[in-house]
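Comments concern the structure below.
The values are calculated or read from the model by the stated rules, or taken from the named source; none is laboratory data. For clarity, every value in this text was computed on a predicted model and none was experimentally measured. Cβ coordinates were reconstructed from backbone atoms using ideal geometry, including for glycine residues, and neighbour counts include every protein chain displayed.
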Amino acid sequence: MGWFDSNGKFLYMDGRQIYYFNAGDKVMKSCYKKLFFAFMSTLFLMSMLVIAVLPVLQVFGADTLVWEGSVPANGDSVASPVLFYWTSYRIVAKMTWWYNKPNNLAADAQYYTTDFHDSWDWWNHAHAPDDHSFLQINEKDVEWGPFSNGDTDHTYEIYYMGEGASVTFRLFDWMDGDYGNNVCHLRVLIYRKVTVGGYIVDSNLWEFAPFLGALAFAVIITVPTIKYLRKSYF
């Protein structure tokens with residue numbers, strides 16, 4: 001035998017003893033379970049989203065520019081700032097220079113042309129003689145990769161691991177060795193990448209703002225809801 005009193009408590013009699021329980025207890029516990037499940041599901045989905053997006057940032061994220069300089073065609077060396085140990089850098093070289101300005105003959109970081117009609121969009125090209133590179137790093141040849149013509153700004157890039165020292169860049173004239181008829185310069189840019197949780201990502205932390213915002217939104221929605229339910233049922 002049982003009944004509800006004016007406070008919503010259910011009372012029942014077992015012999016001479018009267019027992020009661022709050023009718024909202026079971027409902028409140030059910031709501032807690034649902035809210036806890038929803039909150040944990042949100043955290044799980046957010047973590048999966050971060051794990052899925054971080055490798056994408058490695059490929060498509062904008063790097064942080066740490067240095068930009070011009071390497072002159074006169075053979076002078078140019079030094080970068082110190083590049084930290086075990087830090088991954090991307091070195092980009094672009095533009096062209098004349099190894100024989102009077103005859104309008106040009107080269108870039110890796111290739112040269114014998115086409116005097118156009119020093120930017122070349123009609124022909126060849127690798128620097130004897131597998132050298134025109135643009136050297138620390139007085140050593142570099143393999144800058146496949147040929148890039150004027151439509152891609154004669155752009156080349158390599159990845160370099162910092163050694164706790166600056167690096168030097170120099171244009172070496174392997175064509176005629178005459179620096180007196182050389183003109184212009186190559187543009188060199190160094191970008192830094194930062195390793196976080198095993199992934200190389202952009203060092204700009206604003207990239208993570210959407211994920212942190214979504215997590216904050218989940219907390220803002222969940223906490224007031226729990227407080228409201230506690231106030232409603234107790």
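Here are the numbers:
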{"quantity": "From TRP122, TRP86, residue being of a type in the set (A, V, I, L, M, F, W, C) and modelled with pLDDT under 95", "calculated": "TRP86"}
{"quantity": "Residue in the stretch 112-129 that is in a strand (DSSP E or B) and either buried (at least 18 other Cβ atoms within 10 Å of the Cβ) or of a type in the set (Ser, Thr, Tyr) (or both) present", "calculated": "yes"}
{"quantity": "Verdict on SER80 being farther than 13 Å from MET175 by Cβ, modelled with pLDDT of 95 or more, among the polar types (S, T, N, Q) and surrounded by 14 or more Cβ atoms within 10 Å (Cβ to Cβ)", "calculated": "yes"}
{"quantity": "Qualifying residue in the stretch 180-194 (condition: more than 25 Å from MET95 (Cβ to Cβ) and either at pLDDT below 95 or of a type in the set (Val, Ile, Thr) (or both))", "calculated": "yes"}
{"quantity": "Qualifying residues in the stretch 95-111 (those that are under 37 Å from the mean Cα position of the chain (by Cα) and assigned to a loop (DSSP other than H, G, I, E, B)) - the one surrounded by the fewest Cβ atoms within 10 Å (Cβ to Cβ)", "calculated": "MET95"}
{"quantity": "Some residue of the stretch 58-74 being at pLDDT 95 or above, among the hydroxyl-bearing types (Ser, Thr, Tyr), part of a loop (DSSP other than H, G, I, E, B) and within 20 Å of TYR156 (Cβ to Cβ)", "calculated": "no"}
{"quantity": "Residues within the stretch 157-167 that are surrounded by fewer than 15 Cβ atoms within 10 Å (Cβ to Cβ) and either charged (D, E, K, R) or part of a strand (DSSP E or B) (or both), tallied", "calculated": "4"}
{"quantity": "Odd one out for SER119, checked against (1) more than 28 Å from the chain's Cα centre (by Cα); (2) small (Gly, Ala, Ser); (3) under 18 Å from GLY69 (Cα atoms)", "calculated": "(3)"}
{"quantity": "Residues of the stretch 130-156 that turn out to be surrounded by 16 or more Cβ atoms within 10 Å (Cβ to Cβ), not in a loop (DSSP other than H, G, I, E, B) and not aromatic (Phe, Trp, Tyr), as a count", "calculated": "3"}
